[in-house]
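A.B. asks: So that we are looking at the same thing, I have put the structure below in structure tokens.
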There are 2 protein chains.
Amino acid sequence: MRATFIHEAGDVRVEDAPDPELREPTDAIVRVLLACVCGSDLHPYHNRPPSDGPASIGHEFLGVVEDVGSEVSGLRPGDLVVSPFVYADNTCDFCRAGLQVSCRHGGYYNAEGVGGGQAEAVRVPQAQGTLVRLPVAEDSPLLPSLLTLADVYGTGYHAAKGGQVGPGSTVTVIGDGAVGLMAVLAARRLGAERIILMGRHRDRTDLGREFGATEVVPERGPEGVERVRELTGGDGSEAVLEAVGLRPAYDMAVGAVRAGGVISRVGAPQYVEAPIGWDSLFSRNVRLAGGVAPARAYIEELMPAILDGTVEPGRVFDRTVGLEDVPDGYRAMDRREALKVLVRP
Amino acid sequence: MRATFIHEAGDVRVEDAPDPELREPTDAIVRVLLACVCGSDLHPYHNRPPSDGPASIGHEFLGVVEDVGSEVSGLRPGDLVVSPFVYADNTCDFCRAGLQVSCRHGGYYNAEGVGGGQAEAVRVPQAQGTLVRLPVAEDSPLLPSLLTLADVYGTGYHAAKGGQVGPGSTVTVIGDGAVGLMAVLAARRLGAERIILMGRHRDRTDLGREFGATEVVPERGPEGVERVRELTGGDGSEAVLEAVGLRPAYDMAVGAVRAGGVISRVGAPQYVEAPIGWDSLFSRNVRLAGGVAPARAYIEELMPAILDGTVEPGRVFDRTVGLEDVPDGYRAMDRREALKVLVRP
């Protein structure tokens with residue numbers, strides 16, 4: 001088959017690779033119908049040293065089950081399924097607590113003998129717990145929105161849940177990338193009254209407004225914080241959903257959060273240490289939440305409103321490429337020419 | 001009157017000071033019956049530069065109302081009252097949310113014209129919101145336990161609440177100082193099933209066991225973390241209550257917490273930055289909670305079990321001094337000869 005590999009920073013290639021095969025009785029093989037490029041795929045695209053060697057890449061996909069292992073029940077060849085970006089048995093104590101990213105038998109794609117999603121086919125470990133059937137046809141126009149359940153919508157939702165967003169909440173979302181926009185949509189779904197979106201790309205913040213943002217703050221740094229404080233009577237926002245992962249975004253979150261509020265992070269942090277002492281968090285009882293999103297936990301909850309057309313998270317895809325053009329997709333996202341790139345193998 | 005002042009690190013003196021007087025119609029004057037020395041009083045005792053000049057000190061006290069301003073209702077001279085360590089109107093939006101330490105009209109003792117608690121008398125701003133009447137006589141043997149409502153018991157309780165401790169919880173408490181022991185007591189009150197106390201002072205951890213600790217880990221650093229992990233099947237503890245405030249204690253908390261768990265800090269952090277990135281918190285969805293405790297919020301909730309003798313948090317006091325001997329009290333706590341020093345002016 002053909003599959004995408006990253007060789008080093010800036011060097012993504014589509015190459016021949018062995019067809020995936022069942023290895024464990026709990027595996028399934030999925031033929032990929034739709035995949036996409038994640039903001040987090042850009043981290044190795046920026047930083048991967050050549051010494052690491054090539055690796056498969058991609059972790060968001062939906063497709064058709066081609067084969068299942070002997071211990072997989074509830075799935076059969078021909079089923080249309082979506083995979084969350086972390087596989088999990090969905091039965092262990094962590095999974096039952098809704099933390100499938102810490103599953104005792106789970107793991108990440110593109111590691112330990114498991115390939116990536118930007119490919120023609122994928123071996124899915126723990127298939128019964130991981131894959132969720134999609135009750136639509138293979139040519140449904142809903143597929144792009146359903147693909148967001150693999151990661152980006154679930155991640156935005158995880159931000160909002162971590163931020164304890166509920167009816168009447170005032171929420172600030174930092175970042176107008178796809179995850180930030182999904183956090184806006186999720187906050188709106190959870191009943192937030194005011195959603196302040198911090199972002200400076202007009203086309204993205206316009207989509208953010210359609211998803212539910214009530215105000216947009218294009219300023220960054222201390223100026224952006226000042227603006228959020230003005231908009232919130234000087235107090236800051238009960239919840240700040242940080243969808244970037246860089247230190248300046250964390251610093252803005254600290255500045256924009258209200259005493260007693262929550263900073264909920266879902267942008268994978270590209271820093272190790274940050275201020276959490278007396279002035280930043282402690283004296284104001286600011287809590288820190290979030291982490292790698294257990295997308296699996298939210299699929300059943302988020303799917304119905306996609307199926308009935310209430311929400312269209314798939315609107316974050318503003319470019320589509322074939323598998324051979326995945327490298328162009330990376331370039332477009334890296335240059336911010338595309339918000340999020342859909343891949344049709 | 002006589003009152004305690006800190007001149008610089010290591011130099012605490014009891015000196016003549018003007019008697020406090022009503023300044024605002026919302027003030028009260030309280031004659032101090034009992035005060036005490038806080039672990040956090042030791043921070044300036046270790047660090048205060050001479051250039052800062054002398055300042056009053058102490059923020060935990062109970063006593064008898066001597067006078068009230070014209071706008072104070074519900075309190076009258078002769079009432080026996082306890083003060084939380086932060087004054088607050090108890091009516092603003094932050095107070096109503098249980099965050100009296102962020103009160104819009106509140107503040108700290110020993111700042112902005114307000115004196116300290118290690119004195120014969122104190123002017124209490126926002127007296128009606130701040131002071132809570134104690135339904136006992138001035139010679140009640142319950143007074144030391146009731147004094148812990150001013151700070152140390154409320155702070156331990158805040159740690160447990162921030163850690164979402166409930167029936168069946170597994171909790172690790174870092175620190176066998178008075179706050180750590182109160183966190184043990186609070187966790188037990190909230191129904192925790194296992195309480196692992198990390199501390200290496202046998203007399204203190206013995207008291208911790210009486211307060212409800214089910215296991216004691218005297219090891220520190222990576223060894224201590226390893227021990228907690230062994231005790232929790234390799235996973236760590238759902239809640240870690242960090243009652244120290246130093247970086248090594250935070251690092252132990254990160255090591256000892258379970259994926260999806262909470263680190264709840266109530267030791268005032270003596271550091272600015274610390275690890276909160278992928279490895280420490282993010283990949284495991286570990287949350288960070290806690291902060292300066294709104295002791296006022298918990299007084300009514302915690303008092304009944306003290307009054308009926310169910311709990312005796314006053315057992316943390318293992319030495320009593322008169323006001324003139326407060327400097328000896330500091331020395332004893334600094335040398336760990338005393339766990340917590342009671343002051344009877």
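The values are calculated or read from the model by the stated rules, or taken from the named source; none is laboratory data. The structure presented is a predicted model; accordingly, all values stated were derived computationally and were not measured. Ideal geometry is used to build each Cβ from the backbone, glycine not excepted, and the neighbour counts take in all protein chains shown.
A.B. asks: Anything in region A:92-117 that is in contact with a strand residue (DSSP E or B) (Cβ under 7 Å, 6 or more places away or on another chain), outside any loop (DSSP other than H, G, I, E, B) and within 12 Å of another protein chain (Cβ to nearest Cβ)? List them, or say none.
C.D. replies: Answer for region A:92-117, where residues must be in contact with a strand residue (DSSP E or B) (Cβ under 7 Å, 6 or more places away or on another chain), outside any loop (DSSP other than H, G, I, E, B) and within 12 Å of another protein chain (Cβ to nearest Cβ): A:94, A:100, A:101, A:102, A:108.
Table: residues versus (1) under 20 Å from the mean Cα position of the chain (by Cα); (2) farther than 20 Å from residue A:298 by Cα.
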site: A:184; (1), (2): yes, no
site: A:189; (1), (2): yes, no
site: A:194; (1), (2): no, yes
site: A:198; (1), (2): yes, yes
site: A:204; (1), (2): yes, yes
site: A:209; (1), (2): yes, yes
site: A:215; (1), (2): no, yes
site: A:218; (1), (2): no, yes
site: A:223; (1), (2): no, yes
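A.B. asks: Determine, yes or no, whether residue A:164 is polar (S, T, N, Q) and either within 30 Å of residue A:26 (Cα to Cα) or crowded, with 24+ Cβ neighbours inside 10 Å (or both).
C.D. replies: Considered against the rule, which asks whether it is polar (S, T, N, Q) and either within 30 Å of residue A:26 (Cα to Cα) or crowded, with 24+ Cβ neighbours inside 10 Å (or both), residue A:164 comes out as no.
A.B. asks: Also, I was wondering about something else. Limited to region B:184-218, what total is found for residues that are charged (D, E, K, R) and touching a strand residue (DSSP E or B) at 6+ places or on another chain (Cβ under 8 Å)?
C.D. replies: The qualifying residues number 5.
A.B. asks: Output the number of residues of region B:70-88 satisfying the condition of being away from every other protein chain (no Cβ under 13 Å), surrounded by 17 or more Cβ atoms within 10 Å (Cβ to Cβ) and in contact with a Ser or Thr (Cβ under 8 Å, 6 or more places away or on another chain).
C.D. replies: Looking only at that region, the number is 4.
A.B. asks: Still on this structure: Here are some residues: A:338, A:305, A:332. Which one is assigned by TED's automatic domain parsing to the domain that holds residue A:91 and touching an Asp or Glu at 6+ places or on another chain (Cβ under 6 Å)?
C.D. replies: The unique qualifying residue is A:338.
A.B. asks: Just the residues that are at pLDDT below 95 and either within 8 Å of chain A (Cβ to nearest Cβ) or surrounded by fewer than 24 Cβ atoms within 10 Å (Cβ to Cβ) (or both), please, taken from region B:253-268.
C.D. replies: B:268, the sole residue that qualifies.
A.B. asks: Working carefully through the options B:19, B:41, B:89, find the one that is closer than 27 Å to residue B:329 by Cβ, touching a residue at least 40 places away in the same chain (Cβ under 8 Å) and in a loop (DSSP other than H, G, I, E, B).
C.D. replies: The conditions single out B:19.
A.B. asks: Output the residues belonging to region A:158-170 that are in a helix (DSSP H, G or I) and within 14 Å of another protein chain (Cβ to nearest Cβ).
C.D. replies: Of everything in region A:158-170, those that are in a helix (DSSP H, G or I) and within 14 Å of another protein chain (Cβ to nearest Cβ) turn out to be A:158, A:159, A:161, A:162.
A.B. asks: State yes or no: is residue B:344 at negative phi and within 13 Å of chain A (Cβ to nearest Cβ)?
C.D. replies: no
A.B. asks: A further question on this structure: Restricting region A:89-117 to residues that are β-branched (Val, Ile, Thr) and over 18 Å from the mean Cα position of the chain (by Cα), which is surrounded by the most Cβ atoms within 10 Å (Cβ to Cβ)?
C.D. replies: Restricting to residues being β-branched (Val, Ile, Thr) and over 18 Å from the mean Cα position of the chain (by Cα), the top hit is A:114.
A.B. asks: Counting just the residues of region B:195-236 that are of a type in the set (Gly, Ala, Ser) and in contact with a helix residue (DSSP H, G or I) (Cβ under 8 Å, 6 or more places away or on another chain), which one comes out farthest from residue B:340 (Cα to Cα)?
C.D. replies: Among them, the one singled out is B:236.
A.B. asks: Sticking with this one: Can you tell me which of (1) over 30 Å from residue A:235 (Cα atoms); (2) modelled with pLDDT of 95 or more; (3) charged (D, E, K, R) is the one residue A:176 doesn't meet?
C.D. replies: Answer for residue A:176: the failing condition is (1).
A.B. asks: How many residues, within region B:269-296, are of a type in the set (S, T, N, Q) and more than 7 Å from chain A (Cβ to nearest Cβ)?
C.D. replies: Total satisfying the criteria: 2.
A.B. asks: Additional query: Only one of (1) more than 14 Å from chain B (Cβ to nearest Cβ); (2) over 20 Å from residue A:147 (Cα atoms); (3) modelled with pLDDT of 95 or more fails for residue A:130. Which number is that?
C.D. replies: Here residue A:130 clears every test but (2).
A.B. asks: Something else about it: Picking from B:212, B:191, B:208, B:224, which residue would you name as being within 14 Å of residue B:170 (Cα to Cα), surrounded by 19 or more Cβ atoms within 10 Å (Cβ to Cβ) and among the small types (Gly, Ala, Ser)?
C.D. replies: Being within 14 Å of residue B:170 (Cα to Cα), surrounded by 19 or more Cβ atoms within 10 Å (Cβ to Cβ) and among the small types (Gly, Ala, Ser) holds for just one of B:212, B:191, B:208, B:224, which is B:212.
A.B. asks: Report, by residue number, each residue of region A:204-235 that is touching a residue at least 60 places away in the same chain (Cβ under 8 Å) and either acidic (Asp, Glu) or under 22 Å from residue A:260 (Cβ atoms) (or both).
C.D. replies: Across region A:204-235, the qualifying residues are A:210, A:232.
A.B. asks: Since residue A:237 meets every condition but one in (1) more than 8 Å from every other protein chain (Cβ to nearest Cβ); (2) among the polar types (S, T, N, Q); (3) under 30 Å from residue A:95 (Cα atoms), which condition does it not meet?
C.D. replies: (3)
A.B. asks: Continuing with the same structure: Looking at (1) closer than 27 Å to residue B:139 by Cα; (2) under 20 Å from the mean Cα position of the chain (by Cα), which one does residue B:27 not meet, given that it meets all the others?
C.D. replies: Residue B:27 satisfies all of (1) closer than 27 Å to residue B:139 by Cα; (2) under 20 Å from the mean Cα position of the chain (by Cα) except (2).
A.B. asks: Report yes if some residue within region B:297-320 is within 10 Å of chain A (Cβ to nearest Cβ), crowded, with 22+ Cβ neighbours inside 10 Å and part of a helix (DSSP H, G or I); otherwise report no.
C.D. replies: No: zero hits.
A.B. asks: Right, something else. Please work out if residue A:173 is in contact (Cβ under 8 Å) with a residue 12 or more places away in the chain, over 14 Å from the mean Cα position of the chain (by Cα) and either in a helix (DSSP H, G or I) or surrounded by 24 or more Cβ atoms within 10 Å (Cβ to Cβ) (or both).
C.D. replies: Here the answer is yes, as residue A:173 does meet what is asked.
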